[in-house]
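Student: Dropping the structure in here first, questions after.
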Amino acid sequence: MRQKLENIRDEAIENISKVKDLDQLERLRLKYLGKKGELTQVLRGMGKLPAEDRPVMGQLANEVRYLIEEQMDEHKKNLEDKLLNYRLKLETIDVTVPGTNIERGNLHPLTSVLNEIIDIFIGMGFEIAEGPEVELDYYNFEALNIPKSHPSRDVQDTFYITDEILLRTHTSPVQVRTMEVQKPPIKIIVPGRVYRSDDVDATHSPIFHQVEGLVVDEHITMADLKGVLDVFVKELFGERTQTKFRPHYFPFTEPSMEVDATCVTCGGEGCRICSHTGWIEILGAGMIHPNVLKYGGIDSEKYSGFAFGLGLDRIANLKYGIDDIRLLYENDIRFLKQF
């Protein structure tokens, strides 16, 4: 047994000195000191020794175990130090090397124009309101004085989910929703996405953006509407921009009008963009129909108001000279970098 113990000691010390990594060292530990290790197997045979030899062999076995453990611990520390030094060398950062330039992003042209529009109207005392994009037929049509027979209700123009639920076709439903919970004076704009069943081309998209405006108070007149929109157009396109108001028809306003502005490209001289008229249509507006006020729970005998709606995508195209609405949705970095 003495010879076995000495052989295990010499062999273990020799093998430990050859170990190159921590995994190999752990395998060696299990080989000699584990539950089924060589030293453990020898110790299990202690019971067969004469009683007088057991203390001597026990002491020798403990010395061998202690020596092997000591050698392993020392070698493990050396390996860990080498590994740490290697990693430190590998992960060294030269702080004097110039950093990599990180290219900053910028706002999408739609976002930039929307922010500008919001700033203009907030400056005139408006607040921002929001509403659901998945809307009830009641708010999208009925409460806006749009009869069942109106063409805009047709499935060819509207994305219906059920007979009573649809994707809103305009931001106007928020008018009624706001009037139901807020009594006059009301002065809001409603930016948001809307959906219509249009084929995609240079001027149409099934998803686009609108900004709705609503003012309700006592003694609101057409002059107030014209004044607000004239200020808005001049702030957005420049002080020299002129406005023109043409009679039109919308179910939810009476009287209704379309608003033109002098062409931002030619300044009213006439060009291809404005079909050589000098004017470009930019939004629709009108005095709120009494029926819409009633749906909102507002006394139409006491209060009046006006509403307007503009296409954000169209305004962005005019402001930046973009001739294809699809460019706003294709996320082409080459296009977006221009803004």
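No lab work stands behind these numbers, since they all come straight from the coordinates. This is a predicted model, so every value here is computed, not measured. Virtual Cβ from ideal backbone geometry, glycine too; neighbours counted across all protein chains shown.
Student: Net charge around Asn317, counting only other residues with Cβ within less than 12 Å of its Cβ (Lys, Arg = +1; Asp, Glu = -1)? Could you put the intermediate results ahead of the total?
Tutor: Values: positive: Arg314, Lys319, Arg326; negative: Asp313, Asp323, Asp324.
After counting each charged neighbour, the total is 0.
Student: In terms of Cα to Cα distance under 18 Å, which lysines are near enough to Lys302, apart from those fewer than 8 places away along the same chain?
Tutor: Within reach: Lys183, Lys187, Lys294.
Student: Can I ask one more? Under 13 Å from the Cβ of Val228, count the other residues' Cβ atoms, weight Lys and Arg +1, Asp and Glu -1, and hand me the total.
Tutor: Result for the neighbourhood of Val228: -1.
Student: Moving to a separate point now. Compute the helix-to-body angle for 109-123: its Cα long axis versus the longest principal axis of the chain, expressed 0 to 90° and rounded to tens.
Tutor: Computed tilt is about 60 degrees.
Student: Read phi for every residue in region 181-187 and hand back ³J(HN,Hα) as whole Hz from Karplus 6.51 cos²θ - 1.76 cosθ + 1.60, θ = phi - 60°, with x for Gly and Pro.
Tutor: 10, 9, 8, x, x, 10, 8
Student: Please state the relative contact order of the chain as a whole percent: Cα pairs under 8 Å, 6+ residues apart?
Tutor: Values: 502 pairs, mean separation 49.9, N = 339.
Rounded, it is 15 percent for the chain.
Student: Also: If the cut-off is a Cα-Cα distance under 22 Å, which lysines reach Lys31, setting aside same-chain residues fewer than 8 apart in sequence?
Tutor: Candidates past the 8-residue exclusion: Lys4, Lys18, Lys20, Lys76, Lys77.
Student: A further question follows. Expressed in whole Å with the largest first, what are the equivalent ellipsoid semi-axes of region 158-255 derived from the C-alpha gyration tensor as the square root of 5 times each eigenvalue? Walk me through the numbers before you get to the answer.
Tutor: Details: eigenvalues 141, 88, 31 Å².
One finds semi-axes of 27, 21, 12 Å for region 158-255.
Student: Assign one of three labels to the chain, namely rounded, prolate or oblate, based on the Cα gyration tensor with a ≥ b ≥ c the square roots of its eigenvalues; rounded applies when a/c is under 1.5, prolate when it is not and a/b is larger than b/c, and oblate otherwise.
Tutor: Working: a/c = 4.70, a/b = 3.14, b/c = 1.50.
Judged from the Cα gyration tensor, the chain comes out prolate (a/c at least 1.5, a/b above b/c).
Student: Using 1/(1 + (r/R0)^6) with R0 = 45 angstrom and r between the beta carbons of Val95 and Lys319, what's the FRET efficiency to the nearest 0.05?
Tutor: Working: r = 45 Å, r/R0 = 1.00.
Once the sixth-power term is evaluated, E becomes 0.50.
Student: While we're on this one: Three principal axis extents, largest first, for the C-alpha atoms of region 117-185, in Å?
Tutor: For region 117-185, the Cα extents along the three principal axes come out at 39, 24, 18 Å.
Student: Still on this model: Can you give me the Kirkwood hydrodynamic radius for region 2-90, using every pair of distinct Cα atoms, in Å to one decimal?
Tutor: Details: mean 1/r = 0.0705 Å⁻¹.
Final number for the Kirkwood radius of region 2-90 is 14.2 Å.
Student: Okay, moving on. Let a ≥ b ≥ c be the square roots of the eigenvalues of the Cα gyration tensor of region 255-339; is it rounded (a/c under 1.5), or, if not, prolate (a/b larger than b/c) or oblate? Write out the running numbers ahead of the final one.
Tutor: Values: a/c = 4.38, a/b = 1.83, b/c = 2.39.
Cα axes put region 255-339 in the oblate bin.
Student: Specify the residue with the greatest mean-square fluctuation among Leu90, Leu236, Leu166, computed from a Gaussian network of the chain linking alpha-carbon atoms under 10 Å apart.
Tutor: The residue with the greatest mean-square fluctuation here is Leu90.
Student: Given the peptides 24-37, 276-289, 326-339, arrange them by the average over their residues of other C-beta atoms within 10 Å, most packed first.
Tutor: Details: 24-37: 14.9, 276-289: 19.2, 326-339: 12.4.
Order by mean packing, descending: 276-289, 24-37, 326-339.
Student: Next question, about the same structure. Highest mean first, what order results for 117-123, 260-266 on Cβ atoms within 10 Å? Show your work: numbers first, answer last.
Tutor: Details: 117-123: 15.3, 260-266: 20.1.
Highest to lowest by the protection proxy: 260-266, 117-123.
Student: Show me, for region 189-197, the HN-Hα J-couplings you get by feeding each phi into the Karplus relation (A = 6.51, B = -1.76, C = 1.60, θ = phi - 60°), rounded to Hz, glycine and proline as x.
Tutor: 10, 10, x, x, 7, 9, 9, 9, 7
Student: Treating the angle as unsigned and between 0 and 90°, give the value, to the nearest 10°, between the Cα long axis of helix 54-90 and the longest Cα principal axis of the chain.
Tutor: 40 degrees
Student: Then there is this: So who's got an amide H within less than 5 Å of the one on Phe250, skipping anything under 5 residues away but keeping other chains? H placed 1.01 Å off N, in plane.
Tutor: For Phe250, whose amide H was placed from the backbone, the distant partners under 5 Å are Ser256.
Student: Expected output is a single nm value to one decimal: the length gained when fully extending between Arg246 and Lys302, i.e. 0.36 nm times separation in residues minus the C-alpha distance. What is it?
Tutor: Details: separation 56, 0.36 × 56 = 20.16 nm, distance 2.72 nm.
Stretched out fully, the Arg246 to Lys302 stretch lengthens by 17.4 nm.
Student: Sticking with this structure for a sec: Quick one: net charge around Thr111, please, counting Lys, Arg +1 and Asp, Glu -1 for every other residue with C-beta under 14 Å from its C-beta. If you can, show how the numbers build up before the last one.
Tutor: On the way: positive: Arg193, Lys319; negative: Glu116, Asp119, Asp313.
Result for the local shell: -1.
Student: Sticking with this structure for a sec: Given the options Ile298, Ile16, Ile161, state which has the largest fluctuation in a GNM of the chain using a 10 Å cut-off (strictly under) for Cα springs.
Tutor: Fluctuation is largest for Ile16.
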